């Protein structure tokens, strides 16, 4: 009996130790609910902010599975009277959610085609003259492709190329260690930077487009319009990143085997040529459609069309897509977008902005201050909370700061793509970290330099270039 | 008997593997060597999984497999395992067994039952799950200075736990065996006897008298244990210490000691919040400590 009691006690303790943040979030929520509603805030608006707080704790701590967080957010919105069930259900699915689903599936279909070796051949033929040029090429190609196809797709394709050329580098020597880090960071920074370039580069971009359309009277920003805003930042960031990495990881690159890798992939089977050609045609078709029909069809539907074509042509089985799609993330984005809508609809975001303005009333009346605060806040939050979730929750507040100025919303979305500080901030960072070759400390140290310069670049471009558009 | 050896980076895992295999060979146990990879955020777990599948297809070892390969080669070089048929690690296969657990299928026959396991996630959670699913009797893990981890290991892992701290492969060790009237202490005596016999180590049996009420009982246990070891032909000494248990054992343990003691019989909830003597000893000593359950 005593042993049984000890086993039960131990199991309960273990559950508490694993779920302590879940328990804390519930306790915090109960305390906040029992407090009087702040002046100027309706009860539904107050409750929506409590749910936001809970979601923030649960997502950053990962105390319970993401699908559970998503369902909890939905259930609480109805139970706490934020909005009726029908309204919550209708805000649960929109083009941004379809885009998250479509882009994740499209990425799986593309990666399944094994395009990395073909891509490596192209990069070597263009940039293979020197090792440093090759690394610059890896970074540029990663950025350009990631801007259209998303970072999770491109890191999956590019990482095997990077790991292949550093396969025989001795990491115990400083020069070798730096060579490994330089290669991995070149690919990682290329894909991270690239993801801000077009709406299809990341779900956060699509979420912001939807918010701008819903919450402002400005003209809807289309695919080409986004590129005009974001690509100059991307190009400047790439140049800065190249020099930051050369400075952070000085190396002779002696053991990096570009030519050896070239010889090994030259022997690879060319029987997949037609499959690769067809894959490229489908990818080209989808990107062209994003340019031409994004207003009429929506980015999500076009991404899903790509998946559909791959599946109908038998180029990727449903089992592969089903196994590799992160359904939990799709549910979570849907729930956070729904919550973001309710935060705006209930007036909670306006209330937060008013409080923010009250707090900053002693500062000079310059929109640069609120811009900087918002950009740094979204940039930092996205490094702990991931970019898309940050945009879905903080996006409405960023827009509310200057409803008639598109640059606030755009800056929030772009700054949330600066996931240079932590390894949990983006799939790219996590994938590079999972190789075991990059430590959290190194990622943060180099990332801090990159994050600061990126915020500065964003500020300068928004101040001097965006006003001309 | 099943033994689990958890390894991390190559730099710190040699002593853990060496002592772990000595324990394993003492019991002729089936041994699982596990590498627990970095915890992957739920946001990126599928993306990471796709990349790892890609790395497998390109024959670029996924993270952790190289560490297991190094562990395998280390065990061969130290003759802890003998292959009847020469097979290199490259010939082996990686089998996805369940969520976050992969096994390296070793070809050829081996004199020992060796399993090489790759897991990803939070270390305590993964080791707990490995122990529960595969009924491991002893979990062996490298030391380090993470006192919180020692506490969690002893608290949440349902097996005896050996924390390998400051162990040198070349040094001659003795066993320091604090005994008392708990079930865990009986288990520690069993393990110490088998390990000392197999490795020809001397044993220093001690009991610490904190209050007079239990003095006679502890003295009897000490005598019984001394007799047991003498009958088994194990060189031993028996000492009675007085004072604070943790302080006296820590003072008595040298760099060349391997402490083997029983888990505290206290309620798990009290242990969680207020700690326990074995956990304090494991945290304060600068030598390997086995907490038997």
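The values are calculated or read from the model by the stated rules, or taken from the named source; none is laboratory data. Source: prediction; values computed, not measured. No Cβ is skipped: glycine too gets one built from the backbone with ideal geometry, and neighbour counts run over all protein chains shown.
I'm trying to understand the selection: among the residues of segment A:163-183, which are within 12 Å of chain B (Cβ to nearest Cβ) and modelled with pLDDT of 80 or more?
A:163, A:164, A:165, A:166
When residue B:31 is evaluated against the numbered criteria (1) at the interface with chain A (Cβ under 10 Å from one of its Cβ atoms); (2) in contact (Cβ under 8 Å) with a residue 24 or more places away in the chain; (3) farther than 22 Å from residue A:429 by Cβ, which criterion, by number, is the only one it fails?
Of everything listed in (1) at the interface with chain A (Cβ under 10 Å from one of its Cβ atoms); (2) in contact (Cβ under 8 Å) with a residue 24 or more places away in the chain; (3) farther than 22 Å from residue A:429 by Cβ, residue B:31 misses just condition (1).
Give just the number: which of (1) modelled with pLDDT of 85 or more; (2) under 26 Å from the mean Cα position of the chain (by Cα) does residue A:94 not satisfy?
Among (1) modelled with pLDDT of 85 or more; (2) under 26 Å from the mean Cα position of the chain (by Cα), the lone unmet condition for residue A:94 is (1).
Taking segment A:426-458, which residues are part of a helix (DSSP H, G or I) and surrounded by fewer than 20 Cβ atoms within 10 Å (Cβ to Cβ)?
The answer is A:440, A:441, A:442, A:444, A:445, A:448, A:449, A:452, A:453, A:455, A:456.
Against the conditions (1) at positive phi; (2) touching a residue at least 60 places away in the same chain (Cβ under 8 Å), where does residue B:197 fall short? Just the number, please.
Looking at each condition in turn, residue B:197 falls short on (1).
Here's the yes/no breakdown for (1) touching a strand residue (DSSP E or B) at 6+ places or on another chain (Cβ under 9 Å); (2) surrounded by 17 or more Cβ atoms within 10 Å (Cβ to Cβ); (3) closer than 19 Å to residue A:467 by Cβ:
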residue	(1), (2), (3)
A:229	no, yes, yes
A:253	no, yes, no
A:263	no, no, no
A:278	no, no, no
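Just to check your reading of the model, which residue among A:10, A:25 is assigned to a helix (DSSP H, G or I) and either exposed (fewer than 14 other Cβ atoms within 10 Å of the Cβ) or more than 14 Å from every other protein chain (Cβ to nearest Cβ) (or both)?
After ruling out the rest, the residue left standing is A:25.
Looking at (1) surrounded by fewer than 23 Cβ atoms within 10 Å (Cβ to Cβ); (2) part of a helix (DSSP H, G or I); (3) more than 14 Å from every other protein chain (Cβ to nearest Cβ), which one does residue A:322 not meet, given that it meets all the others?
With (1) surrounded by fewer than 23 Cβ atoms within 10 Å (Cβ to Cβ); (2) part of a helix (DSSP H, G or I); (3) more than 14 Å from every other protein chain (Cβ to nearest Cβ) applied to residue A:322, the lone miss is (3).
Scan segment A:298-319 for residues that are at pLDDT below 90 and part of a helix (DSSP H, G or I) and report the count.
Counting residues in segment A:298-319 that are at pLDDT below 90 and part of a helix (DSSP H, G or I) gives 2.
Taking residue A:58 as the residue in question, decide whether it is in a helix (DSSP H, G or I), within 14 Å of chain B (Cβ to nearest Cβ) and either surrounded by 14 or more Cβ atoms within 10 Å (Cβ to Cβ) or out of contact with any strand residue (DSSP E or B) (no Cβ under 7 Å at 6 or more places or on another chain) (or both).
yes
Check B:45, B:98, B:82 and return the single one that is more than 18 Å from residue B:13 (Cβ to Cβ), modelled with pLDDT under 80 and touching a strand residue (DSSP E or B) at 6+ places or on another chain (Cβ under 9 Å).
So the residue among B:45, B:98, B:82 that is more than 18 Å from residue B:13 (Cβ to Cβ), modelled with pLDDT under 80 and touching a strand residue (DSSP E or B) at 6+ places or on another chain (Cβ under 9 Å) is B:82.
Taking into account only those residues within segment B:46-63 that are more than 7 Å from chain A (Cβ to nearest Cβ) and surrounded by 22 or more Cβ atoms within 10 Å (Cβ to Cβ), which is farthest from residue B:103 (Cα to Cα)?
Top of the filtered list is B:52.
Please go through segment A:391-403 and pick out each residue that is in a helix (DSSP H, G or I) and either more than 14 Å from chain B (Cβ to nearest Cβ) or closer than 18 Å to residue A:462 by Cβ (or both).
If the condition is that a residue be in a helix (DSSP H, G or I) and either more than 14 Å from chain B (Cβ to nearest Cβ) or closer than 18 Å to residue A:462 by Cβ (or both), then A:391, A:393, A:394, A:395, A:396, A:397, A:398, A:399, A:400, A:401 are the ones that fit.
Would you mind telling me which numbered condition in (1) in a helix (DSSP H, G or I); (2) at pLDDT 90 or above; (3) more than 14 Å from chain B (Cβ to nearest Cβ) residue A:132 fails?
Residue A:132 satisfies every listed condition except (2).
Taking the condition farther than 23 Å from residue A:452 by Cβ and more than 14 Å from chain B (Cβ to nearest Cβ), does residue A:331 pass?
The answer is no for residue A:331.
Here is a check on your reading of the model: is residue B:193 closer than 25 Å to residue B:236 by Cα and in contact with a helix residue (DSSP H, G or I) (Cβ under 7 Å, 6 or more places away or on another chain)?
Yes; evaluated as a whole, the condition is true for this residue.
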